[in-house]
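Trainee: Handing you this structure, nothing more for now.
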Amino acid sequence: MTTLTIAAAIPGFADNAHNWETSENDINFRSSPALAERCTVSFAACELRRFLPRTIGGLEIALAEKPPADASPYIALECRGLDFQYGAFDFKLESPAGLRISGADRNGVINGIYEFLRLQGWDWLEPGARGEYVPEFTDRVVFPGQSRTFKPSCNYRSFCEEGASKESEEYLFWMARNRMNCHWNYPLTRKLARKFGMYIQVGGHVYHEILDPKRLLAGGRRLFDLHPEWYGTPRPPAIKTADNAQGTQFCSSNPELMDFLADELLRLLKTDWYEADIVALVGFDTWGATCQCPDCQKLGGDTDKNIAFLAAQRRRIDRAVADGALDHNVMLNMDAYEGTSTMRAPEREIPKEMIAARDFVSACVINRCYRHAIGEGPCEKNEMYAEDLRGWGKQKLCLSVLEYYNVSRHEDMPLVFAHNMQRTQKFCRKLGARAVSYMHSPLANWGFRAQNQVLHALLAWDIDADLDAFLEYYYARRYEVHAGAMREAYDAVEEATLEVAEWRAWFSSILADIASYRGLKPARPIRMRHYASQEEAIREGTRIVSLYEKAIALTRASLEREREIASGRMAAPGARPSNPAEAYAFRTYDRTANVLAEDLRGLLYARDVFALMTLVVDHYDANFLGCEARMLSIRDKILKLADHMDTYWVPMNFPNAAGFRVSDALTRSQMRPQVDGIRRNRGKAGGN
């Protein structure tokens, strides 16, 4: 029997850690740093006590306030309580079997204990019990061979979320175990995130609601009727109305509006947003112009107008903190984003108060191409983003990069970005980017997307991680004997992913251009980014479908082989699950088969989506050329596939309001309107 002591210099630690580790809901993490540290360190100790004995025979865990005086093994936990250390930690080897895990901050303590568990062979490739990878049983604790300091490549490591109901404890635990340090302001999990030492984020496109032109104020009058001057002056010949008021960004030069928005912000920071450390303040997501009034024009370019607004909010926050009206400060996050006309770097200097407050900017590359990494050329769209990023890299604000791996037109698609992800992120780091996020992380049903999730987290922590070594590890750990076949399947999907923005992006894509196609005779060819003709698009679409077919065949063969292997070596546990939670965990005994089946479902959906899109482009082409017989033949194939896609579901998605939706595959493909139009029309005269 071996006793491992876990020590922390906190009075009463040995007897009370098991109670303190779950005390997060009773703590104000802002005003009680000692209680916050006690909670986090106690959780870290209890987490080690939960994990280590599961795979180390004869191990007993003892808690103490100081390490043992003899040579017996120990782990000492400490939090140095430093600000803006972003989860850094040290392994200090004090003896061959004595380790001090020293977190520069509370998040560093959490990162340190999970790094120690990784050293034992633990890993977490997905949320929940099914994503937990357990080491082989052993009789010893592995200590590091030498002391080492761990510091992250990125200060802020997050996923960008949306949807009031999109929260999950399993997912948040996965984030903590993969060194992420920013979470969103979800009411049921924000205190847990606090325990992990994470920053809390809030905000986004909040002004659609705050400045709703038809919002009723006291007395029953609409906001627009009382203050039309608050809304941006549109470019001539447009005339401002309540119906189009949010098509132009609000007026950044109106002092009364700036005070109104600051009052709203301060109210939120004292109530619903009290826990927030980072507040994203983003204008109307309407892809419209900025205010053209004379005073706004004096502020500079479009981005300068937005910075003037942010600076006004910053000054009010600073004043409220100085006056004691607000008991904490926050960092403001603005978007560099085409949808709010702020993608370009400012023409004028960033106000010093924003720099002093550590405010930052998130560069949103929503319409990027995935054939090339940003910064590598020769893609015109990507080079535009690269130039904008270079401009922002010269500013004194912290630069964050927001990717769109699971959003907009390709949400829920099993896509693989591994090589593009690292090359793009390295380019951004060289420009000075120190924060990274992507929209929108799925909570479950990851399938192939698990690789994107784990790699995004890894590169946020260590941009220079060995990608080939990671991929080899990922396939071996996740797929065991099927690693070779599944690597080939992922390679096929990664090749298909290179073309996804050509087909499915918010702008400048085939899906965007055929959005209004209803089977009527089109007046023009489809506008495309890289393809020279509809014929080339059909050829490439067919190739993409064949790549998914290859991945499907490899995955299906691996699944069938795994079922044969599993049937001979394992059986379901003898004990019957007695509740839903146990029933869920019950499935871990056949994890590899479960993973492969999840992979297969996603691949089938992607195959169907690209097959349907290719058929619709083929129909469009035949219709445009007046090939009636060809068009009718394609129509039958479209309707057969569409009817099939109407029979199965794809993973849930989350609207902004509370709740979630589960769509059928046809609806989720965003092709239902086109299919319905083709069903009704047979090459009738009209236009696209």
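The values are calculated or read from the model by the stated rules, or taken from the named source; none is laboratory data. From a predicted model like this one, the values you see are computed outputs, not experimental measurements. Quick reminder, even Gly has a Cβ in these numbers, built from the backbone with ideal geometry, and neighbours come from all protein chains shown.
Trainee: Can you tell me how many residues in the range 611-660 are over 23 Å from residue 540 (Cα atoms) and of a type in the set (Val, Ile, Thr)?
Mentor: 2
Trainee: Restricting to the range 458-492, count the residues that are over 24 Å from residue 427 (Cα atoms) and of a type in the set (A, V, I, L, M, F, W, C).
Mentor: Residues flagged as over 24 Å from residue 427 (Cα atoms) and of a type in the set (A, V, I, L, M, F, W, C) within the range 458-492 amount to 7.
Trainee: Follow-up question, since we're still on this one. Report, by residue number, each residue of the range 5-39 that is of a type in the set (D, E, K, R) and surrounded by fewer than 20 Cβ atoms within 10 Å (Cβ to Cβ).
Mentor: Quick first cut of the range 5-39, residues of a type in the set (D, E, K, R) only: 15, 21, 24, 26, 30, 37-38.
15, 26, 30 - these are the residues of the range 5-39 that are of a type in the set (D, E, K, R) and surrounded by fewer than 20 Cβ atoms within 10 Å (Cβ to Cβ).
Trainee: Would you check if there is a residue in the range 193-207 being in contact (Cβ under 8 Å) with a residue 12 or more places away in the chain and farther than 30 Å from residue 107 by Cα?
Mentor: First pass over the range 193-207, keeping only residues in contact (Cβ under 8 Å) with a residue 12 or more places away in the chain: 193-207.
Still in the running and farther than 30 Å from residue 107 by Cα: 207.
Yes, the range 193-207 contains a residue that is in contact (Cβ under 8 Å) with a residue 12 or more places away in the chain and farther than 30 Å from residue 107 by Cα.
Trainee: I'd like the residue in the range 150-188 that is assigned to a strand (DSSP E or B) and either in the same structural domain as residue 126 (by TED's automatic domain parsing) or touching a Phe, Trp or Tyr at 6+ places or on another chain (Cβ under 8 Å) (or both) and, out of all such residues, is nearest to residue 122 (Cα to Cα).
Mentor: Filtering the range 150-188 for residues assigned to a strand (DSSP E or B) gives 150, 156-157, 160, 182-184.
Right, trim to either in the same structural domain as residue 126 (by TED's automatic domain parsing) or touching a Phe, Trp or Tyr at 6+ places or on another chain (Cβ under 8 Å) (or both) and you get 150, 156-157, 160, 182-183.
Working: 150: 18, 156: 24, 157: 22, 160: 27, 182: 23, 183: 23 Å.
Among them, the one singled out is 150.
Trainee: Residue 400 fails exactly one of the following numbered conditions: (1) farther than 19 Å from residue 508 by Cα; (2) touching a Lys or Arg at 6+ places or on another chain (Cβ under 6 Å); (3) surrounded by 19 or more Cβ atoms within 10 Å (Cβ to Cβ). What is the number of that condition?
Mentor: (2)
Trainee: Which of the residues belonging to the range 81-137 are part of a helix (DSSP H, G or I), closer than 16 Å to residue 43 by Cβ and not aliphatic (A, V, I, L, M)?
Mentor: Across the range 81-137, the qualifying residues are 106, 107, 108, 111, 112, 114, 115, 116.
Trainee: Okay, next question. Out of 51, 43, 29, report the one residue that is among the aromatic types (Phe, Trp, Tyr) and outside any helix (DSSP H, G or I).
Mentor: Values: 51 fails: outside any helix (DSSP H, G or I); 43 fails: outside any helix (DSSP H, G or I).
Every option except 29 fails the conditions.
Residue by residue, here is whether (1) of a type in the set (A, V, I, L, M, F, W, C); (2) in contact with a strand residue (DSSP E or B) (Cβ under 8 Å, 6 or more places away or on another chain) holds:
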residue	(1), (2)
392	yes, yes
403	no, yes
412	no, yes
450	yes, no
457	yes, yes
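Trainee: What is the one condition in (1) modelled with pLDDT of 95 or more; (2) closer than 30 Å to residue 181 by Cα; (3) outside any strand (DSSP E or B) that residue 257 does not satisfy?
Mentor: Result: residue 257 passes all but (2).
Trainee: List the residue pairs whose Cβ atoms are under 7 Å apart, where the first residue sits in the range 633-652 and is assigned by TED's automatic domain parsing to the domain that holds residue 618 and assigned to a helix (DSSP H, G or I), the second is buried (at least 19 other Cβ atoms within 10 Å of the Cβ) and charged (D, E, K, R), and the two are 6 or more positions apart or on different chains.
Mentor: The qualifying pairs are 634/618; 641/608; 645/608.
Yes/no per residue for (1) surrounded by fewer than 20 Cβ atoms within 10 Å (Cβ to Cβ); (2) at pLDDT 95 or above; (3) outside any helix (DSSP H, G or I):
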{"position": "307", "(1), (2), (3)": "no, yes, no"}
{"position": "310", "(1), (2), (3)": "no, yes, no"}
{"position": "314", "(1), (2), (3)": "no, yes, no"}
{"position": "320", "(1), (2), (3)": "yes, yes, no"}
{"position": "329", "(1), (2), (3)": "yes, yes, yes"}
{"position": "334", "(1), (2), (3)": "no, yes, yes"}
{"position": "344", "(1), (2), (3)": "yes, yes, yes"}
{"position": "350", "(1), (2), (3)": "yes, yes, yes"}
{"position": "355", "(1), (2), (3)": "yes, yes, no"}
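Trainee: Could you check how many residues of the range 460-519 are under 23 Å from residue 601 (Cβ atoms), basic (Lys, Arg) and assigned by TED's automatic domain parsing to the domain that holds residue 537?
Mentor: So the count comes out to 1.
To keep it simple, each residue is scored yes or no on (1) at positive phi; (2) of a type outside the set (Val, Ile, Thr); (3) in contact with a helix residue (DSSP H, G or I) (Cβ under 6 Å, 6 or more places away or on another chain).
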{"residue": "456", "(1), (2), (3)": "no, yes, no"}
{"residue": "470", "(1), (2), (3)": "no, yes, no"}
{"residue": "482", "(1), (2), (3)": "no, yes, yes"}
{"residue": "495", "(1), (2), (3)": "no, yes, yes"}
{"residue": "519", "(1), (2), (3)": "yes, yes, yes"}
{"residue": "522", "(1), (2), (3)": "no, yes, yes"}
{"residue": "531", "(1), (2), (3)": "no, yes, yes"}
{"residue": "534", "(1), (2), (3)": "no, yes, yes"}
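Trainee: Report, by residue number, each residue of the range 70-82 that is surrounded by fewer than 21 Cβ atoms within 10 Å (Cβ to Cβ) and modelled with pLDDT of 95 or more. Steps first, answer last, please.
Mentor: To start, the set of residues in the range 70-82 that are surrounded by fewer than 21 Cβ atoms within 10 Å (Cβ to Cβ) comprises 70-73, 76, 80-82.
72, 73, 76, 80, 81, 82, listed by residue number.
Trainee: Of everything in the range 422-445, what is buried (at least 22 other Cβ atoms within 10 Å of the Cβ) and modelled with pLDDT of 95 or more? Give them in sequence order.
Mentor: Within the range 422-445, 424, 425, 428, 433, 435, 436, 437 qualify.
Trainee: Taking the criterion of being touching a Pro at 6+ places or on another chain (Cβ under 8 Å), at pLDDT 95 or above and not polar (S, T, N, Q), would at least one residue in the range 147-167 satisfy it?
Mentor: no
Trainee: Where the second residue is hydroxyl-bearing (Ser, Thr, Tyr) and part of a helix (DSSP H, G or I) and the first is over 18 Å from residue 563 (Cβ atoms) and lies in the range 472-487, which pairs have Cβ atoms under 6 Å and are six or more apart or on separate chains?
Mentor: Final answer for the pair search is 487/475.
Trainee: Kindly provide the set of residues from the range 189-242 that are aliphatic (A, V, I, L, M), farther than 27 Å from residue 362 by Cβ and not in a helix (DSSP H, G or I), ordered by number.
Mentor: So in the range 189-242, the residues aliphatic (A, V, I, L, M) come out as 192-193, 198, 200, 202, 206, 210-211, 216-218, 223, 226, 238-239, 242.
Add one more test, that the residue is farther than 27 Å from residue 362 by Cβ, and what stays is 216-218, 223, 226, 238-239, 242.
Within the range 189-242, 216, 217, 218, 238, 239, 242 meet the criteria.
Trainee: Please go through the range 376-386 and give me each residue that is under 17 Å from residue 404 (Cα atoms) and buried (at least 19 other Cβ atoms within 10 Å of the Cβ), ordered by number.
Mentor: 381, 382, 385, 386
Trainee: Please find, among 90, 105, the residue that is in contact with a Leu (Cβ under 7 Å, 6 or more places away or on another chain), among the charged types (D, E, K, R), buried (at least 16 other Cβ atoms within 10 Å of the Cβ) and not assigned by TED's automatic domain parsing to the domain that holds residue 176.
Mentor: On the way: 90 fails: in contact with a Leu (Cβ under 7 Å, 6 or more places away or on another chain).
After applying the criteria, what remains is 105.
Trainee: Same structure, new question: Given 558, 567, 508, which one is touching a residue at least 24 places away in the same chain (Cβ under 8 Å), assigned to a helix (DSSP H, G or I) and not aliphatic (A, V, I, L, M)? Break it down stepwise before answering.
Mentor: Working: 567 fails: touching a residue at least 24 places away in the same chain (Cβ under 8 Å); 508 fails: assigned to a helix (DSSP H, G or I).
None of the other options fit; the residue is 558.
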